[in-house]
Amino acid sequence: MTTDEFFTLYAAGERDFSLVDLSDFNANGRDIRNCKFLGAYLFWADLRNADLRNCDFRGAQLYGCQLLGADFRNCDIRVVDLDAVDITGVTFTGATLHGTPRGLH
């Protein structure tokens, strides 16, 4: 799914993007709260400064994502692949981590 397709659906009220391939997705500085990304592929996505509060990322693949300044408050990020991700400045307050997601040290 392209970034434009995602934001068209999001503007129409869609919030379930489970199992969707959002590789190279660009949400830099955007508000995409309350979404489900269960098992989604977000390889190399740009989520810098994105408002991701209350999203469900269980089983998502975030390999190589840019997360600088992203807001993951109250997210469920269990069993998430965060390999090759810089989490500098990321807010995880209230996030459900149950065990350490891959790549988060």
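The values are calculated or read from the model by the stated rules, or taken from the named source; none is laboratory data. Model, not experiment: these values are computed from the prediction. In this analysis, Cβ positions are derived from the backbone assuming ideal geometry, glycine residues included, and neighbour counts consider all displayed protein chains.
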Identify all residues within region 29-51 that are small (Gly, Ala, Ser) and either surrounded by 19 or more Cβ atoms within 10 Å (Cβ to Cβ) or out of contact with any Asp or Glu (no Cβ under 9 Å at 6 or more places or on another chain) (or both); write none if there are none.
-> Gly39, Ala40, Ala45, Ala50
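Does region 52-73 hold any residues that are acidic (Asp, Glu) and either within 11 Å of Gly89 (Cβ to Cβ) or surrounded by fewer than 18 Cβ atoms within 10 Å (Cβ to Cβ) (or both), and which are they? Quick ask: steps written out before the conclusion?
Filtering region 52-73 down to residues acidic (Asp, Glu) leaves 56, 71.
Residue satisfying the conditions is Asp71 alone.
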Taking region 66-89 and keeping residues more than 19 Å from Leu38 (Cβ to Cβ), at pLDDT 85 or above and of a type outside the set (Gly, Ala, Ser) leaves Gln66, Leu68, Asp71
Conditions (1) surrounded by 13 or more Cβ atoms within 10 Å (Cβ to Cβ); (2) at positive phi; number of the one not met by Gly13 | (1)
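Within region 1-32, track down each residue that is of a type in the set (D, E, K, R) and closer than 20 Å to Val85 by Cβ. Let's see the steps before the verdict.
Looking only at region 1-32, we keep the residues that are of a type in the set (D, E, K, R), and these are 4-5, 14-16, 21, 24, 30-31.
Hits for region 1-32 are Asp21, Asp24, Arg30.
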Given the conditions (1) at pLDDT below 90; (2) under 12 Å from the mean Cα position of the chain (by Cα); (3) of a type in the set (D, E, K, R), and given that Asp46 satisfies all but one, which numbered condition is not satisfied?
-> (1)
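What is the residue count in region 51-67 for residues that are assigned to a loop (DSSP other than H, G, I, E, B) and either of a type in the set (Asp, Glu) or over 9 Å from the mean Cα position of the chain (by Cα) (or both)? Break it down into steps so the answer makes sense when it comes.
Of region 51-67, the ones assigned to a loop (DSSP other than H, G, I, E, B) are 52-55, 57-60, 62-65, 67.
If we keep only those that are either of a type in the set (Asp, Glu) or over 9 Å from the mean Cα position of the chain (by Cα) (or both) as well, we get 53-54, 58-59, 63-64.
Residues flagged as assigned to a loop (DSSP other than H, G, I, E, B) and either of a type in the set (Asp, Glu) or over 9 Å from the mean Cα position of the chain (by Cα) (or both) within region 51-67 amount to 6.
Within region 19-31, can you find the residues that are out of contact with any Phe, Trp or Tyr (no Cβ under 7 Å at 6 or more places or on another chain) and on the phi < 0 side of the Ramachandran plot? Let's see the steps before the verdict.
As a first pass, look at region 19-31 and keep what is out of contact with any Phe, Trp or Tyr (no Cβ under 7 Å at 6 or more places or on another chain): 19-20, 26-31.
Result: Val20, Asn26, Ala27, Asn28, Arg30, Asp31.
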Of the conditions (1) at negative phi; (2) touching a Cys at 6+ places or on another chain (Cβ under 9 Å); (3) among the polar types (S, T, N, Q), Asn34 clears all except one; give me its number.
-> (1)
